[in-house]
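Asker: Structure provided below as structure tokens; questions to follow.
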Amino acid sequence: MRIPRKDGTNIEVLLVEDSPGDVRLTQEAFHGANPSVHLNIATDGVEAMAFLRNEGAYTHAPRPDLILLDLNMPRMDGRQVLAQIKQHGVLKTIPTVSLTTSDAEADVEKSYQLQANCYLRKPVELEVFERLVRSISDFWLTEARLPQQGPAGEQSN
């Protein structure tokens with residue numbers, strides 16, 4: 001289990017998910033896998049981009065250490081969000097994982113074309129989903145070395 005950052009702050013994860021049930025399951029699974037994770041929620045792509053750009057109600061939103069992105073959402077879908085993230089000078093280094101129910105090969109291919117760091121299919125079974133979240137936490141938040149952030153949420157050089 002990972003401890004909080006050296007400065008004592010939580011690990012920030014942005015979950016972009018429109019299904020309240022999937023949000024609740026993800027919250028519970030992360031709480032069990034890694035209590036130092038603070039899960040921020042955006043219910044569609046428009047809200048996710050406002051969060052990431054610190055716009056509107058999100059002017060003080062933290063820069064996430066990891067983004068978990070559903071593909072099929074209202075207003076702006078995950079593919080559009082992924083394209084905007086990976087074209088943005090500062091946001092493009094945030095690891096972005098497509099986490100979706102889609103098993104379509106076209107979605108897998110498009111996600112990687114848009115530079116997703118990983119494509120994971122959401123399992124239907126609760127125990128399998130909890131294992132997947134533990135795996136995400138173990139790899140992305142414990143084993144993988146992520147870019148360090150400066151004091152204002154900017155990356156350090």
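Asker: Among the listed residues VAL133, VAL81, VAL108, identify the single one that is touching a Phe, Trp or Tyr at 6+ places or on another chain (Cβ under 7 Å), in a helix (DSSP H, G or I) and touching a residue at least 60 places away in the same chain (Cβ under 8 Å).
Answerer: Testing whether each residue is touching a Phe, Trp or Tyr at 6+ places or on another chain (Cβ under 7 Å), in a helix (DSSP H, G or I) and touching a residue at least 60 places away in the same chain (Cβ under 8 Å) leaves just VAL133.
Asker: Within the range 99-109, is even one residue touching a helix residue (DSSP H, G or I) at 6+ places or on another chain (Cβ under 6 Å) and at pLDDT 95 or above?
Answerer: So far as the range 99-109 goes, no, none of its residues is touching a helix residue (DSSP H, G or I) at 6+ places or on another chain (Cβ under 6 Å) and at pLDDT 95 or above.
Asker: For ALA61, indicate whether it is under 20 Å from VAL23 (Cβ atoms), buried (at least 16 other Cβ atoms within 10 Å of the Cβ), small (Gly, Ala, Ser) and free of Cβ contacts under 8 Å to residues at least 40 places away in the same chain.
Answerer: Yes; evaluated as a whole, the condition is true for this residue.
Asker: Still on this structure, I have one more. Considering only residues that are closer than 14 Å to SER137 by Cβ and part of a loop (DSSP other than H, G, I, E, B), look in the range 4-39 and name the one that is modelled with the lowest pLDDT.
Answerer: Going through the qualifying residues, I end up with PRO4.
Asker: Another question, then. Select from the range 74-97 the residues that are loosely packed, with under 14 Cβ neighbours inside 10 Å and in contact with a helix residue (DSSP H, G or I) (Cβ under 6 Å, 6 or more places away or on another chain) and write down the one among them that is nearest to SER111 (Cα to Cα).
Answerer: LYS92
Asker: Moving on. Scanning the range 136-157 for residues that are charged (D, E, K, R) and either modelled with pLDDT of 95 or more or part of a helix (DSSP H, G or I) (or both), which turns out most open to solvent (accessible area, probe 1.4 Å)?
Answerer: As a first pass, look at the range 136-157 and keep what is charged (D, E, K, R): 138, 143, 145, 154.
Of the ones still in play, those that are also either modelled with pLDDT of 95 or more or part of a helix (DSSP H, G or I) (or both) are 138, 143.
Values: ASP138: 83, GLU143: 139 Å².
Residue satisfying both the conditions and the ranking: GLU143.
The values are calculated or read from the model by the stated rules, or taken from the named source; none is laboratory data. Quick caveat: nothing in here was measured; it's all calculated off a predicted structure. Note: ideal-geometry Cβ built from the backbone for every residue, glycine included; neighbour counts use all protein chains shown. The area values use the complete protein model at the heavy-atom level, side chains included, leaving out ligands, DNA and RNA. Shrake-Rupley method; radii C 1.70, N 1.55, O 1.52, S 1.80 Å.
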